[in-house]
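What follows is one structure encoded as structure tokens, with my remarks underneath.
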Amino acid sequence: MALTRTVAVLGCGPSGTATAITMTHAGLDVILIDPDRAPDWEPGEGLPAVAAGALRTLGVWPAFQTAGHLRSSGFLSCWGSDEPAFRSAMLDPRGPSWQLDRARFVRMLRTAAGSPAARRLTGARRDGSVWTMSFADDNPPITVDFVVDATGRGSVLARLLNVHRRVDSRLVGIAAVLANPDPADAANLLEAVPYGWWYVSRVPGDRLVVALFTDASIAGRDRLTALESWTLMLGATRRAGRRAGWPRLRMLSALHTAASGSSALERFAGPGWLAVGDAACAHDPLSARGLHDALTGGIAAGEAIAGGSIDDYASDVAAGYHRYLTELDWYYRQETRFPGTPFWTARQSQS
């Protein structure tokens with residue numbers, strides 16, 4: 001039997017809201033807290049067709065279907081071969097994936113979860129079975145039975161509890177929003193290059209998100225966070241630049257750089273708390289599993305709290321992260337055209 005009655009969820013992204021919705025469905029009292037920080041720059045993101053099951057479980061499937069997200073015809077992959085390979089969404093028995101307006105998607109989840117309180121956490125203390133949460137700016141403290149860290153890679157609660165984070169990759173993403181020169185092209189594009197890989201995806205509003213993924217050391221060495229260097233490298237690609245409209249790029253945003261590598265907490269739960277989503281373990285975008293895992297992970301976390309099965313939840317997250325690293329290693333090893341380059345040597349020399 002679960003003993004938890006009141007739960008604070010720190011973080012209002014997909015994993016936090018999915019956790020909150022699941023616990024509310026189970027009859028728990030949930031306090032959803034927005035940690036008072038700038039929102040992540042994520043104008044668009046992919047969601048596989050299999051995620052429909054999670055959306056139905058959360059009760060947001062009807063709202064999702066009418067939100068204007070795009071269906072994808074598949075993606076063109078220039079990976080491991082000079083000849084591109086097209087993977088059609090028509091071959092997936094579950095149907096095409098979606099390209100989301102991320103902000104619209106998160107608003108839908110927040111609406112379903114309830115309005116969050118905007119507070120910045122400054123302290124967390126557990127006395128017996130009760131947490132006291134302290135906040136900045138004269139916000140009064142609150143007491144709860146359980147706390148969920150859904151604060152993304154920053155893992156705010158875990159850091160306050162001195163739970164360390166293991167970083168397995170220093171990958172960064174350097175991205176911008178561009179006008180889509182060919183809205184009729186419904187395919188996304190993945191292209192490996194000697195210094196990393198490019199990904200081009202369409203998002204609602206006749207826009208493209210164009211992202212370069214490389215190691216932080218390479219980005220610093222080659223000044224790839226500078227617009228001039230980034231656009232020159234984009235123009236030198238075989239396909240990504242052409243898809244983005246090179247040389248007549250129509251930039252709709254500045255460049256945005258974000259940590260994108262694999263990382264995980266040394267433990268995913270403890271007495272009276274657990275971590276979910278990127279706060280627990282963050283994935284390389286090559287795995288294409290971040291958003292789907294955020295939803296299913298949030299559902300699993302909510303069910304674990306409601307059912308008192310926290311240890312099982314933590315074991316499942318640990319096992320899943322280990323499987324993910326094995327699969328990611330396999331994918332990177334399929335690209336063998338760039339021997340001796342720092343980016344690929346680092347990935348293909350790993351045991």
> Once the other residues with Cβ under 12 Å from the Cβ of Arg267 are scored (Lys, Arg +1; Asp, Glu -1), what is the net sum?
Replying inline: -1
>> Which residue fluctuates most in the GNM of the chain (Cα springs below 10 Å): Ala184, Ala319, Ala54?
In response: Ala184
>> Output wanted: per-residue J couplings in Hz (rounded whole) for segment 66-80, from phi through Karplus 6.51 cos²θ - 1.76 cosθ + 1.60, θ = phi - 60°, x for Gly and Pro.
In response: 9, 8, x, 6, 8, 8, 9, 7, x, 9, 9, 10, 10, 9, x
> HN-Hα J couplings of segment 316-329 from phi, Karplus 6.51/-1.76/1.60, θ = phi - 60°, integer Hz, Gly and Pro as x?
Replying inline: 5, 5, 4, 5, x, 5, 4, 4, 4, 4, 5, 5, 5, 4
>> With angles folded into 0 to 90 degrees, how steeply does helix 102-113 sit against the dominant principal axis of the chain? Use alpha carbons for both and round to 10.
In response: 20
>> Give me the dipole magnitude in Debye, nearest 20, for the chain about the Cα centre, with unit charges on the beta carbon: positive for Lys and Arg, negative for Asp and Glu.
In response: 640
>> Please give me, ordered by residue number, the trypsin sites (Lys or Arg not before Pro) of segment 285-333 that lie in loop per DSSP and have at most 16 other Cβ atoms within 10 Å.
In response: none
>> Can you give me the angle between helix 290-307 and the longest principal axis of the chain, using Cα atoms only, in degrees from 0 to 90, rounded to the nearest 10?
In response: 10
> If Lys and Arg each add +1 and Asp and Glu each add -1, what is the summed charge of the other residues whose beta carbon sits under 15 Å from the beta carbon of Asp215?
Replying inline: 0
>> Using +1 at the C-beta of Lys and Arg and -1 at the C-beta of Asp and Glu, which of Ala306, Val147, Ala85 has the Cα lying farthest in the positive direction of the dipole of the chain?
In response: Ala85
>> Whole-Hz ³J(HN,Hα) for each residue in segment 169-181, computed from phi via Karplus 6.51 cos²θ - 1.76 cosθ + 1.60 with θ = phi - 60°, x for glycine and proline: what do you get?
In response: 7, 9, 4, 10, x, 10, 9, 8, 9, 10, 5, 7, x
> Considering the values (i) 161; (ii) 171; (iii) 140, which represents volume of the Cα convex hull per residue in Å³ as calculated for the structure under consideration?
Replying inline: (iii)
> Mean separation of Cα pairs under 8 Å and 6+ residues apart, divided by the residue count of segment 201-262: what relative contact order is that in percent?
Replying inline: 24
>> What distance in nm lies between label points placed 7 Å from Cα along the C-beta direction at Arg125 and Ala254?
In response: 4.0
> When you count, for each residue, the other Cβ atoms within 10 Å and take the mean per peptide, how do 102-113, 124-135 rank with the highest first?
Replying inline: 102-113, 124-135
>> Run the paramagnetic zone check for Ala103: 7 angstrom along Cα to Cβ, then residues of segment 61-92 with backbone nitrogen under 16 Å.
In response: 68-69
> So what's the back-of-envelope 222 nm ellipticity for the chain, counting only DSSP H runs of four-plus at -39500 (n - 2.57) apiece and dividing by all residues, rounded to 500?
Replying inline: -9000 deg cm²/dmol
> In Å, the Kirkwood hydrodynamic radius of segment 171-259 over pairs of distinct alpha carbons?
Replying inline: 12.8
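Computed from the coordinates by the stated procedures, all read-outs in this text should not be read as laboratory data. Small disclaimer: the values here were computed from a predicted structure and weren't measured. All Cβ positions, even for glycine, are placed from backbone atoms using ideal geometry, and neighbour counts span all protein chains on display.
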